[in-house]
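Have a look at the structure below before the remarks.
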Amino acid sequence: MTRILPLAAAFAVVMVSLGIFIFASPAAAHERRTVGPYTFVVGWIVEPAFIGQLNALDLTVTETATTKAVEGLEKTLKADLITGGGAATTPLTVATRFGLPGKYQGQVLPTKVGDYTFHITGTVGPMTIDEKFESGPGRFGAIEDIAALQFPSKVPSNADLAAKLDDANLKLTVAIALGAVALVIALASFVPSLRRR
């Protein structure tokens, strides 16, 4: 009996620790903002967020006074993802998250490292929404390079592959041009001998 109590206590500590880990809010790296009578929480659904990895807008909307989930916003809200200071913008399809009232997502596969902005527009109840949520300190993370996590060998990035392809194309173009010049010179030197015959 004396051995069972310490084992039960250790088991309880492990279970509580696991519970804290499993049920901890992933929204710690999200931006929380009061918009009129509503609270918006915005970030990436997977943090940290890496280039070339499927991710999504993670949007939660609640009534600020009651913390009641606001449902049905997939019909009234739109979201755009912006990067490069507005140089590139794409619309995201706002969809509900199954079994999670007031939670929405918009899937995307980020292809560039850096800061991103979620621009959310539309209506919540009678209120018009036009809010920009930018990645940064105290908000949500930028898209990071995945190279540091690659093991045992590093996979070249799309930018590296594009640079190598550009270099190969340039070398091929130069080789074709040199081959054409050599062919013209060979033909030019062959023509006089044909005329003599």
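Values as computed for the structure displayed
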{"item": "Failed item in (1) open to solvent by 50 Å² or more (accessible area, probe 1.4 Å); (2) more than 20 Å from the chain's Cα centre (by Cα); (3) under 30 Å from E63 (Cβ atoms), with F190 passing the rest", "result": "(3)"}
{"item": "Residue in segment 123-133 that is open to solvent by 50 Å² or more (accessible area, probe 1.4 Å), farther than 30 Å from F40 by Cβ and not in a helix (DSSP H, G or I) present", "result": "no"}
{"item": "Criterion violated by R139 - all others in (1) more than 18 Å from the chain's Cα centre (by Cα); (2) more than 18 Å from G36 (Cβ to Cβ); (3) touching a residue at least 60 places away in the same chain (Cβ under 8 Å) satisfied", "result": "(1)"}
{"item": "Residue in segment 136-148 that is open to solvent by less than 40 Å² (accessible area, probe 1.4 Å), closer than 13 Å to D58 by Cα and not in a helix (DSSP H, G or I) present", "result": "yes"}
{"item": "Criterion: of a type in the set (K, R) and surrounded by fewer than 14 Cβ atoms within 10 Å (Cβ to Cβ) - qualifying residue of K68, K103", "result": "K68"}
{"item": "Residues that are more than 23 Å from the chain's Cα centre (by Cα) and either closer than 16 Å to T111 by Cβ or surrounded by 11 or more Cβ atoms within 10 Å (Cβ to Cβ) (or both), drawn from segment 150-164", "result": "K164"}
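The values are calculated or read from the model by the stated rules, or taken from the named source; none is laboratory data. As the structure is a prediction and not an experimental result, all values here were calculated from the model. Positions of Cβ are backbone-derived with ideal geometry, glycine not excepted, and every protein chain shown enters the neighbour counts. Each accessible area value is taken on the protein alone, full model and side chains, heavy atoms only, with ligands, DNA and RNA left out. Shrake-Rupley method; radii C 1.70, N 1.55, O 1.52, S 1.80 Å.
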